[in-house]
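Working notes for the structure below.
Values in this text are rule-based calculations from the coordinates and carry no lab data. Note that the structure is predicted; figures quoted are calculated from it, not measured. Here the Cβ positions follow ideal geometry from the backbone for every residue, glycine too, while neighbour counts run over all protein chains shown.
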Amino acid sequence: MFQITDKQFGADSYGPQHHFHNWPMLYILENGRKAYIGESNDVTTRMSQHKNTRDKKIFKDVHFIYSDEFNKSVTLDFESQLIQLMAADETFILTNDNRGIANKDYYNKQYYDNYFPNLWNQLRAKKLVRKNIAEIKNSDLFKYSPYKELTDDQRTAVDAIFDSLQNNCRHPIIVQGMPGSGKTIVAVFLFKYLRDYTDEHGNAPYRHKKIGIVIPQTSLRATIKTLFSHIEGLKASEVLGPSDVTKERYDILLVDEAHRLHQRKNIPNMGSHDGNNQKLNLPQNATELDWIFHQTDCPILFYDSDQVVGPSGISMELMSRTMNQRFRNRMVTYHTLTSQMRVKGGSNYIKYIKDLLHNNLTKKQSFPGYDLKIVDSFADFEQLLTEKESAVNLCRMVAGYAWPWKSKKDKSIKDIRIENSERMWNNRTKNWVHSETALEEVGCIHSIQGYDLNYAFVILGNDIKYDPENKKVVIDKSNYFDRNGKATATEEELDTYIKNIYYVLLTRGIRGTYLYICDPALKKYMEQFIDTWS
């Protein structure tokens with residue numbers, strides 16, 4: 001169906017065939033290191049235009065993609081798909097901007113979608129791409145790529161934030177969103193959009209501004225650094241940890257997962273934290289959020305108070321208090337992301353899980369196309385995990401912190417014993433999801449927050465139970481073993497943290513979530529609202 005013609009870029013002629021002059025086609029410009037993907041109804045004229053454009057003169061070769069079944073809708077669609085996939089393939093650094101990404105519907109789209117993998121395989125045969133499509137779509141580089149079509153609410157937020165920046169924003173902007181609403185995607189998209197933006201006079205006002213994106217989680221930060229290193233105009237050095245912010249001031253700081261910033265409570269690196277406070281002349285009890293506000297007049301914070309999972313996190317109360325102290329006479333702008341991009345059960349599923357944990361459900365609800373099941377036997381639970389991993393990959397077992405982490409000091413010890421099975425906690429938190437041993441281990445909240453799974457296998461340990469007498473889900477402090485999560489927390493706070501942990505764990509699965517429940521009373525309660533797997 002596809003004919004790929006390889007030519008030297010800048011040639012006087014690319015061929016006499018009609019399709020080089022009057023037919024919708026795709027093309028890839030490249031020089032072995034960088035690439036640009038485009039489409040045109042007249043590729044000969046477009047190449048002449050590119051040849052005289054400064055940023056295209058770096059290219060040496062062009063690969064034209066022709067099909068006698070192409071039309072303009074198809075080439076626009078395939079262009080978007082190629083940009084999204086090739087950005088995460090890592091063969092080339094892409095020089096495209098992200099303004100034209102669109103996954104629009106059109107006549108006979110399903111027919112063309114069925115043939116797109118054939119085109120991709122032809123590009124693999126020519127070594128223009130390396131990975132298969134399934135591998136790419138399971139990768140974090142693809143999921144967090146700035147080359148995404150935004151949902152309506154995401155686009156509205158980006159446009160509103162951009163308008164604020166154009167008006168010399170000097171106040172906090174808060175973007176709130178449930179798990180899977182695309183907070184990280186919006187943050188990365190906005191960063192790329194700002195770097196690429198040119199006004200009607202050809203000026204690029206954000207290209208040389210000091211902009212940083214703060215990623216509190218070490219593992220996700222490493223992923224975003226890798227992503228930035230493979231996209232033109234972005235730099236890995238612009239992806240920051242909270243401590244990096246203290247080194248210099250910024251025109252704009254985008255802070256992803258701002259609820260994961262730390263206050264000075266139950267953190268292992270207390271000395272480093274105190275040193276940063278001294279460096280910035282802040283009081284000893286200042287938080288990482290204070291560092292952000294101290295180092296920029298324009299902080300853009302992506303936040304979800306329901307994902308605060310321990311005393312060191314930034315509660316909404318603390319967020320509001322800090323903003324009032326730092327930006328006393330300035331407005332605060334709020335935006336909310338409501339679309340569900342991760343879970344195929346949609347935003348209704350996210351609300352259902354939250355209500356389930358807080359005793360607010362009155363009737364069972366189903367989610368077509370999404371697997372939500374309780375599994376009675378742990379042996380079946382493990383077998384099902386193996387089957388799903390074999391079928392679609394990226395399936396993991398995770399749990400609340402209801403067992404001590406003994407294997408941290410002695411790798412010969414199995415931490416978790418259930419029925420006749422023994423398992424270890426995650427051997428590391430950084431990029432555990434993609435580690436070689438992850439399938440045999442159990443991930444804790446610190447190794448999974450911020451990540452997507454195709455299927456999540458969630459163990460509800462004895463840190464969460466059901467009180468039949470009072471008819472409510474309760475926490476059992478004696479079976480919760482995260483010392484930093486437990487110390488200094490009141491009973492009420494601990495109840496919030498543990499339920500938030502399970503809220504996060506139960507909203508990781510894209511295609512489905514399977515539960516194994518340790519407490520019999522909790523299992524009986526949840527069986528009213530979740531079907532049992534058989």
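Rounded to the nearest 20, the Cβ-based charge dipole of region 283-404 about its Cα centre (Lys and Arg +1, Asp and Glu -1) stands at 500 debye. I want the local charge near residue 440. Using Cβ-Cβ distances under 10 Å, sum +1 for each Lys or Arg and -1 for each Asp or Glu among the other residues. The answer is -2. Could you tell me the distance between the Cα centroids of region 312-383 and region 444-465, to the nearest Å? Computed from Cα coordinates, the inter-centre distance equals 13 Å. The trypsin sites (Lys or Arg not before Pro) found in region 310-344 that occupy coil by DSSP, while having at most 16 further C-beta atoms within 10 Å, are 328, 330, 344. Of the GluC sites (Glu not before Pro) found in region 17-87, those that fall in a DSSP loop while having at most 14 other beta-carbon atoms within 10 Å are 69.
Three principal axis extents describe the C-alpha atoms of region 346-532; from largest down they are 44, 42, 31 Å.
Counting only chymotrypsin sites (Phe, Trp or Tyr not before Pro) that are in a DSSP loop and have at most 15 other C-beta atoms within 10 Å, tell me the longest site-free stretch of the chain.
Working: sites that count: 106, 107.
By the stated rule (loop sites, at most 15 other Cβ atoms within 10 Å), 108-534.
Taken over region 118-169, the convex hull of the Cα atoms encloses 124 Å³ per residue.
In region 346-532, a dipole from Cβ-located charges (positive for Lys and Arg, negative for Asp and Glu) runs towards its positive end, and of 500, 489, 403 it is 489 whose Cα lies farthest in that direction.
Sequentially through region 62-75, phi angles give Karplus couplings (6.51, -1.76, 1.60; θ = phi - 60°) of 10, 10, 8, 10, 10, 8, 6, 9, 5, 9, 4, 4, 5, 5 Hz, Gly and Pro residues having no value and appearing as x.
Of the cross-linked pairs 183/344; 192/279; 143/364; 57/109, which ones have a Cα-Cα span greater than 27 Å in the structure shown?
192/279; 143/364; 57/109
Modelled label positions at residue 439 and residue 244, each set 7 Å beyond Cα in the direction of Cβ, lie 3.3 nm from each other.
Working note: Cα atoms of region 152-337, range along each principal axis, descending, whole Å: 49, 32, 31. What you get for the chain, charging only the Cβ of Lys and Arg (+1) and of Asp and Glu (-1), is a dipole of about 1100 debye around the Cα centre.
For the chain, the calculated P(r) over all alpha carbon pairs, in 10 Å bins from 0 to the bin holding the longest distance, is 3, 17, 26, 24, 18, 9, 3, 0, 0 percent.
To check you understand DSSP bridge types, tell me what percent of the beta bridges within region 346-532 (both residues inside) are antiparallel, rounded to 5. Walk me through the numbers on the way to the answer.
Numbers: 7 of 29 bridges.
Percent antiparallel among DSSP bridges in region 346-532 is about 25.
When the Cα positions of 197, 181, 222 are compared along the charge dipole of region 160-251, 222 comes out farthest toward the positive end, with charges on each C-beta of Lys, Arg, Asp and Glu.
The antiparallel fraction among DSSP beta bridges confined to region 6-122 stands at about 90%.
Could you let me know the centre-to-centre spacing of region 111-150 and region 472-534, using Cα atoms, in angstrom? So the two Cα centres are separated by 37 Å.
For residue 47, what charge total do you get from the other residues with a beta carbon under 11 Å from its beta carbon, if Lys and Arg give +1 and Asp and Glu give -1? If you can, show how the numbers build up before the last one.
Numbers: positive: 7, 46, 51, 56; negative: 12, 42.
Local charge sum for residue 47: +2.
The antiparallel fraction among DSSP beta bridges confined to the chain stands at about 35%.
Structure shown: which of 406/499; 51/127; 247/406 lie over 26 Å apart, alpha-carbon to alpha-carbon?
Numbers: 406/499 24 Å; 51/127 24 Å; 247/406 37 Å.
Those over the limit are 247/406.
Under the combined filter of DSSP loop state and at most 10 neighbouring Cβ atoms within 10 Å, region 465-518 retains these trypsin sites (Lys or Arg not before Pro): 471. Calculated [222 nm] ellipticity per residue, helices only, for the chain: -10000 deg cm²/dmol; basis is -39500 (n - 2.57) per DSSP H run with n ≥ 4, divided by all residues, nearest 500.
The relative contact order of region 3-135, computed from alpha carbon pairs under 8 Å that lie at least 6 residues apart in sequence, is 25 percent. For region 275-386, the alpha-carbon coordinates run over 56, 31, 25 Å along the three principal axes, in decreasing order.
Run the reach check for residue 388 against aspartates and glutamates, Cα to Cα strictly under 18 Å, same-chain hits fewer than 8 apart removed. What comes back? Answer for residue 388, where 18 Å is the Cα cut-off: 135, 371, 376, 380, 436, 440, 441, 452, listed by chain and number.
Averaging sequence separations of C-alpha pairs under 8 Å and six or more residues apart, then dividing by the length of region 259-408, give the relative contact order as a whole percent.
On the way: 83 pairs, mean separation 26.6, N = 150.
Over region 259-408, the number comes to 18 percent.
For region 210-311, what class follows from the C-alpha gyration tensor (a ≥ b ≥ c being the square roots of its eigenvalues): rounded when a/c is under 1.5, otherwise prolate if a/b is larger than b/c, else oblate? Cα axes put region 210-311 in the prolate bin.
In plain terms, the bigger the Kirkwood radius, the slower the diffusion; for region 32-154, with that radius from Cα pairs, at 20 °C and 1.002 mPa s, Stokes-Einstein puts D at 138 µm²/s. The residues packed around residue 74, meaning those with a beta-carbon under 14 Å from its beta-carbon, carry a net charge of -4 if Lys and Arg are +1 and Asp and Glu are -1.
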